[in-house]
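Taking it in order: structure first as structure tokens, then the write-up.
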Amino acid sequence: MEEDEASAQFDPRQRRKEVRRTLAHDAVNIPNLLTFGRIVMIPLCLWLLDQDTPRSGVWSALVFTAAALTDVLDGYLARRLGVESVLGKLLDPLADKLIVMACLIWMVPMGRIPAWIVIVLLSREISITGLRGVAASEGVVISAGQEGKTKTALQMIGIIALLAGYPYHLSLFGFDLGVVDFVHVGRVLVYLSLVFSMASAAQYVTIFAQAVEAKGEKRKSE
């Protein structure tokens, strides 16, 4: 009887069923559905951007803003509802990078953002993602610092301004601000985000190098 229980416990077929069932369950929880929704918003955002009119630009910016808000909301709900999952940890940063990369690349031929800054930003994201993956395999968790959070905030607001993409006459609390070119505002914010992006990348590399060195010293002393 004990042998039968042991064989059932370690039956790989049973474990595969549990994995499938768990992934299917995780895929339909509210935070992950919001993340899927953020991915679905990408073609809508690009289609609106492609119309290249002031009205469609505003709608594209609103869609992107809604996607950014779901990014904040899904993480909060996952912690509040106690449904944090491996699938969510994979999809959440992936959805963020996909919509940012898609919008930036799409705006290059439109003349709203220079190609070089998009290449630098995307290269940084790919490199840091790879670094975090290697760090995780070594048991080192690299959390986003203040520079990384500032970079993300500036980048998101800058992209929203670039998506709006036209000069608009603005007023605030009765004060006439005149005509503001959102493309210029967006570029400045993205340029600033690049500074914080490089600073946070250097911080990540330093943390990783220190952790690997400390782990090597620990192995030598054992």
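Values in this text are rule-based calculations from the coordinates and carry no lab data. What you see is a predicted model; the values in this text were computed from it and never measured. For neighbour counting, all protein chains shown are included, and Cβ atoms are generated from backbone atoms with ideal geometry for every residue, glycine included.
Some observations on this one:
- Theoretical gain in end-to-end length, residue 146 to residue 199 [0.36 nm per residue, Cα-Cα removed]: 18.1 nm
- Between the range 39-56 and the range 69-129, the C-alpha centres lie 17 angstrom from each other.
- Packing order of peptides 45-58, 202-215, highest average first: 45-58, 202-215 (average count of other Cβ atoms within 10 Å over each peptide's residues).
- Neighbours of residue 170, meaning other residues whose beta-carbon lies under 13 angstrom from its beta-carbon, give a summed charge of -2 when Lys and Arg score +1 and Asp and Glu score -1.
- With a simple spin-label model that places each label point 7 Å from the Cα along the Cα-to-Cβ direction, the separation between residue 105 and residue 62 comes to 2.8 nm.
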